[in-house]
Amino acid sequence: MYLLIRLLSDEANVALRNVQLVTELQLTRYQRRKQKTMQGQIARLWSLYRRGEVSATALLKQMSTKYKHCA
């Protein structure tokens, strides 16, 4: 009986660790996707600035909206 309880407890711990690993992997994928999207937006803004389509003030204002959530 005690052996069965210990084995079930071990199995529950393994299952919990597996759930945590899956959740962490999903979070990593989400963060990677968001970072890629943000970097693309920043590259687009720099491109507009280099072509003279956006002023330095407008560039900085737009950049500040990209980074305001990180603080």
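Read-outs throughout are calculated quantities, based only on the coordinates presented, and are distinct from any laboratory measurement. Every value quoted in this text rests on a predicted model; they were computed, and no experiment measured them.
Angle of helix 56-67 to the longest C-alpha principal axis of the chain, folded into 0 to 90 degrees and rounded to 10: 10°.
To the nearest ten degrees, helix 2-50 and the longest principal axis of the Cα atoms of the chain are 10 degrees apart. For Cα Rg over 2.2 N^0.38 Å, the candidate list reads (i) 2.10; (ii) 1.09; (iii) 1.00; the entry that matches the value derived from this model is (i).
Taking 0.36 nm per residue of separation and subtracting the Cα-Cα distance, full extension of the segment from Thr28 to Leu16 would add 2.5 nm.
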